[in-house]
């Protein structure tokens, strides 16, 4: 039976398997939240400013977040 660590703040269940103990999953969730916050900050600034190099930062943050959370999708 597969165990899950529930991330109640984002409504996700993260599988807990032999490779990841609950403490590691908690750290991963914290890192995902941090990347989500960074992404939203940069994206919000880009929407307000329209600056091209900020858009590039949005794509970078989206890539980084997608590496941590494969369910994350950002349509350009």
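The values are calculated or read from the model by the stated rules, or taken from the named source; none is laboratory data. Remember, predicted model here, so these are calculated numbers, not experimental data.
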**OP:** Answer yes or no: is there a residue in region 3-10 that is at pLDDT 95 or above and not in a helix (DSSP H, G or I).
**Re:** no
Original post:
Checking residue 44 against (1) part of a helix (DSSP H, G or I); (2) within 9 Å of the chain's Cα centre (by Cα), which test does it fail?
Top reply: (2)
